[in-house]
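Some notes on the structure that comes next.
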Amino acid sequence: MNIWLVSKYASPPKYAKVPPRLFLLGREMVKKGHKVSLITSDSNQFANIPHSKNTYNDEIEDGVSIKWIKTKKYKKSASKERVLSWFDFEIKMFRMKLKNMDKPDVVIISSLSIFSIIYGYYLKKKYKSFLVFEIRDIWPLTMTEEGGFSKWHPLVLFIGMIEKFGYRKADLIVGTMPKLDSHIETILGYSKPFFCSPLGFDIEKYADENLLEDNPFLKYKIKEKTIIGYAGSMGVTNALDTYINTIKLMGNKKNIFFIILGSGALKESFEEQLKTYDNVFFLPRIKQSQIKYFLEICDVLYLSTQDSKVWDYGQSMNKVVEYMLASKPIVATYTGFPSMINEANCGMFAKTNSPEDLKEILLKYVNMTNKERVEIGKKGKDWIFKNRTYNKLAEEYLNAINKFNR
């Protein structure tokens with residue numbers, strides 16, 4: 001098949017700061033004999049794409065033909081400039097000449113930008129292509145649940161119309177979260193062909209690698225102490241208050257050491273709150289490629305989420321993938337639809353707003369032997385290697401397309 005992938009935020013690995021899921025899926029599809037073209041933009045806060053004077057730029061990487069479009073830049077994720085950048089991308093796609101591109105058999109539109117489904121529908125009608133609408137973030141639900149928008153805000157209403165349009169016109173809807181189909185049925189009032197394609201990992205970056213060699217974080221490894229680690233942002237949406245209050249509740253326990261790695265608007269506040277605790281250490285944000293080395297020195301890994309209807313449909317987070325690859329027990333404050341951690345039996349979920357519950361679960365792992373923790377962590381790594389390599393995910397994706405494209 002000739003497959004077109006369209007997503008504003010799908011930078012190839014040499015530019016991306018985070019694992020570029022859509023590109024990696026496309027690369028594996030190429031390996032399976034398909035022709036893949038990726039249409040994306042240079043306006044991506046998670047990538048360093050070189051400046052170009054040209055609006056349309058072409059290159060090939062790992063067999064994937066890439067056309068990246070020069071679009072309006074923005075500095076803040078929650079800003080009108082970001083939305084304007086979406087519109088800029090959509091307009092320039094419609095202006096793009098398609099003469100030199102082979103007719104697509106399949107068009108995969110991956111949000112964000114959710115507006116790209118309009119261009120996808122145009123391609124479907126023009127080429128009689130099979131249209132896949134892929135949802136990685138449920139907009140506008142994320143805006144109202146986590147962004148503080150009113151459900152009557154004009155932008156929320158408009159995006160809601162686009163969402164419904166996409167669900168109606170797509171031949172197949174793909175979600176990275178396992179229960180998105182129930183959300184789709186709520187929006188449409190009827191079911192649609194659905195397939196879950198979660199986040200995975202690039203096996204080439206993990207195979208036959210001894211992380212303990214030249215690990216720059218080994219100096220933080222403390223004998224006879226259980227290290228509980230967190231790696232990520234420290235903003236309002238990261239919901240770390242429960243964790244911070246749990247640390248206070250647990251006190252200066254001599255056999256536990258907390259390391260909190262990352263940056264964010266609330267970091268200074270957290271440092272101030274915990275300044276009298278000598279078993280807590282804050283580390284600055286590091287490169288994505290270094291996170292696996294930090295995770296290696298930890299004994300237990302912590303993950304936080306806030307209460308949100310978004311999680312009712314399940315999660316598929318890069319952080320969960322990274323944590324499971326680290327082969328460590330995971331404790332997550334999460335009350336949504338359970339997946340991955342419970343499937344692999346490599347950790348536990350705690351109530352999102354209960355420091356007492358989180359304390360009890362953390363102490364359970366602290367009181368285990370190191371051998372017991374290693375065995376639990378290994379379950380997570382074994383599960384992720386079995387179920388979430390991009391080679392396997394691409395094969396499942398293609399099978400789903402073939403199943404419904406008849």
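Only one of the numbered conditions (1) within 18 Å of SER197 (Cα to Cα); (2) touching a helix residue (DSSP H, G or I) at 6+ places or on another chain (Cβ under 7 Å) is not met by ASN353, and that is (1). In region 288-307, the residues that are open to solvent by 10 Å² or more (accessible area, probe 1.4 Å) reach residues that are hydroxyl-bearing (Ser, Thr, Tyr) with C-beta atoms within less than 7 angstrom, at least six apart or across chains, in these pairs: ASP299/THR226; SER304/THR242; SER304/TYR243; SER304/THR333; GLN306/THR237; GLN306/THR352; ASP307/THR335; ASP307/THR352.
Filtered by the rule that a residue be over 19 Å from PHE201 (Cα atoms), surrounded by fewer than 24 Cβ atoms within 10 Å (Cβ to Cβ) and in contact with an Asp or Glu (Cβ under 8 Å, 6 or more places away or on another chain), region 1-36 gives MET1, ASN2, LYS35.
Within region 57-110, being open to solvent by 20 Å² or more (accessible area, probe 1.4 Å) and hydroxyl-bearing (Ser, Thr, Tyr) holds for SER65, TYR74, SER77, SER79. Restricting attention to region 379-406 and to residues that are more than 14 Å from TYR206 (Cα to Cα) and basic (Lys, Arg), the residue that is least open to solvent (accessible area, probe 1.4 Å) turns out to be LYS392. Annotation note: Cβ proximity below 6 Å between a residue of region 245-261 that is touching a residue at least 12 places away in the same chain (Cβ under 8 Å) and a residue that is of a type in the set (A, V, I, L, M) and not in a strand (DSSP E or B) (sequence gap 6+ or interchain) occurs for THR246/LEU358; ILE256/VAL366; PHE257/ILE222; PHE258/ILE247. The helices (runs of 4 or more DSSP H) located wholly in region 228-302 that include 2 or more residues which are over 22 Å from the mean Cα position of the chain (by Cα) and modelled with pLDDT of 95 or more occupy 241-250, 267-273. Among residues belonging to region 359-378 that are among the aliphatic types (A, V, I, L, M) and within 18 Å of ASN245 (Cα to Cα), point out the one that is surrounded by the fewest Cβ atoms within 10 Å (Cβ to Cβ). Among residues in region 359-378 that are among the aliphatic types (A, V, I, L, M) and within 18 Å of ASN245 (Cα to Cα), the one surrounded by the fewest Cβ atoms within 10 Å (Cβ to Cβ) is LEU363. If the condition is being closer than 19 Å to MET101 by Cβ and among the charged types (D, E, K, R), then region 43-84 contributes ASP58, GLU59, GLU61, ASP62, LYS67, LYS70. Scanning region 211-250 for residues that are within 22 Å of MET368 (Cα to Cα), out of contact with any helix residue (DSSP H, G or I) (no Cβ under 8 Å at 6 or more places or on another chain) and open to solvent by 20 Å² or more (accessible area, probe 1.4 Å) yields ILE222, LYS223, GLU224, LYS225. Can you find even one residue in region 135-158 that is assigned to a strand (DSSP E or B) and at pLDDT 95 or above? Scanning region 135-158, I find at least one residue that is assigned to a strand (DSSP E or B) and at pLDDT 95 or above, so the answer is yes.
Can we say ILE159 is of a type in the set (A, V, I, L, M, F, W, C), within 16 Å of the chain's Cα centre (by Cα) and either open to solvent by less than 30 Å² (accessible area, probe 1.4 Å) or on the phi > 0 side of the Ramachandran plot (or both)?
Values: of a type in the set (A, V, I, L, M, F, W, C): yes; within 16 Å of the chain's Cα centre (by Cα): no; either open to solvent by less than 30 Å² (accessible area, probe 1.4 Å) or on the phi > 0 side of the Ramachandran plot (or both): yes.
No.
Of the strands (runs of 3 or more DSSP E) lying entirely inside region 34-126, those containing at least 2 residues that are at pLDDT 95 or above and out of contact with any helix residue (DSSP H, G or I) (no Cβ under 7 Å at 6 or more places or on another chain) span 35-41, 56-61, 64-69.
The values are calculated or read from the model by the stated rules, or taken from the named source; none is laboratory data. Small disclaimer: the values here were computed from a predicted structure and weren't measured. Neighbour counts run over all protein chains shown; Cβ positions are idealised from the backbone, glycine included. Note: areas computed on protein heavy atoms with side chains; ligands, DNA, RNA excluded. Shrake-Rupley method; radii C 1.70, N 1.55, O 1.52, S 1.80 Å.
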